[in-house]
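One structure is given here, and the rest of the page talks about it.
The values are calculated or read from the model by the stated rules, or taken from the named source; none is laboratory data. In this text the structure is predicted, and so the values were computed from the model without any measurement. With ideal geometry, Cβ positions are generated from the backbone for all residues, glycine too; neighbour counts draw on all protein chains shown. These accessible areas exclude ligands, DNA and RNA; they are computed on the full protein's heavy atoms, side chains included. Shrake-Rupley method; radii C 1.70, N 1.55, O 1.52, S 1.80 Å.
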Amino acid sequence: MTLGEFIIENQNEFKYSSGELSRLINSIRLAAKVVNHEVNKAGLVDILGEAGETNIQGEDQQKLDVYANEAFIKTLTNREIVCGIASEEEDDFITIKGRNGKNDNKYVVLIDPLDGSSNIDVNVSVGTIFSVFRRVTPEGTPVTLEDFLQPGHKQVAAGYIIYGTSTMIVYSTGHGVNGFTLNPALGTYYLSHPNMEFPATGHIYSVNEGNYVHFPQGIKDYIKFCQKEEEDRPYTSRYIGSLVSDVHRNMVKGGIYIYPNTAKDPSGKLRLLYECNPMAFLIEQAGGKASDGYRRILDIEPTELHQRTPFVGGNKYMVEQAEAFMAKYPRA
Ligand code: AHG
Ligand code: MN
Ligand code: MN
């Protein structure tokens, strides 16, 4: 089954007007194809390297970050469905009035256009992450910050694209998670991973252990637990440095991903709205769990567009074990 067929067949599951969601997923699918093409030829053309700009996080932007950002914004803007976009690469959210200028589109999209961008120069998987909410302000008025600062449990859809050994779209509208693989010869996505779920057991832990000395004691203790020789342990360590790829692998094989807070970065590194919320939505839909070590990611009330949060996500029982170690120490 192709993604197009799947969207039509399942559109009655979506609690709001079905055609709208189809159009939204369609435009993401289209932008993903454009970005995929560019990512694939990155090694061939002079597009590698930094664009010379610094984003709001104070990080250097790779050229493909800029390209992917523009591709998604352009594609989403041209459809009569999205009234606003927030992106990792934009300081402020973007207001989209719609072709008729009436501000009557219903959805806001939050994106990390290119995730894991430090991997581009070395031919390692990168991704795109997206999160979709229904606006809370009245239709017919321009979007406001309030439309973007909604807790993750209000997401109506979320997903990621992974530009890996093959290109995949994985998304959920709150009825499970499905993965589609691109056949590059035809430009068509096929349902390759129906009803994705974490396997019952997981044996992988994924964390940037180079930062170990800066981790909270509870995380240090949990890492030692992962490495201990006992029953099904030690676990295997796998860390790509691209949230999309690391979570995707753990969802397929079973495992836990951790990006903790440190003394230097008390809120961790990952962004709540366009990294952790959508990934947490998918993880829960696949039977897993995602928290900041203490509370459910999807229940956090956001206060800022580019807010960061510590992140622990994966097999439910593994996340609960990590939380049990965290609970032994007062919250930093
Ligand atoms: P981005 O490329 O969008 O800035 O995101 C990078 C993020 C995430 O994908 C990854 O898991 C994490 O940064 C890796 O960080 P470290 O290099 O600190 O491990
Ligand atoms: Mn990212
Ligand atoms: Mn990014």
Original post:
What number goes with the only condition from (1) open to solvent by 20 Å² or more (accessible area, probe 1.4 Å); (2) in contact with a Ser or Thr (Cβ under 6 Å, 6 or more places away or on another chain); (3) within 16 Å of ligand 1 (Cβ to nearest atom) that Ile161 does not pass?
Top reply: (1)
Original post:
Is it the case that Ala280 is assigned to a strand (DSSP E or B), open to solvent by less than 10 Å² (accessible area, probe 1.4 Å) and within 16 Å of ligand 1 (Cβ to nearest atom)?
Top reply: no
Original post:
Residue check: is Ile129 farther than 19 Å from Phe281 by Cα and not hydroxyl-bearing (Ser, Thr, Tyr)?
Top reply: no
Subject >> Set Asn211, Asn178, Asn183: member being without any contact (Cβ under 8 Å) to a residue 24 or more places away in the chain and either in contact with a strand residue (DSSP E or B) (Cβ under 8 Å, 6 or more places away or on another chain) or open to solvent by less than 70 Å² (accessible area, probe 1.4 Å) (or both) >> reply: Asn183
Original post:
What residue, among those in the stretch 264-277 that are without any contact (Cβ under 8 Å) to a residue 60 or more places away in the chain and open to solvent by 20 Å² or more (accessible area, probe 1.4 Å), is farthest from Ile204 (Cα to Cα)?
Top reply: Lys264
Original post:
Looking at Asp112, Asp147, which is the one that is within 16 Å of ligand 1 (Cβ to nearest atom) and within 16 Å of Glu304 (Cα to Cα)?
Top reply: Asp112
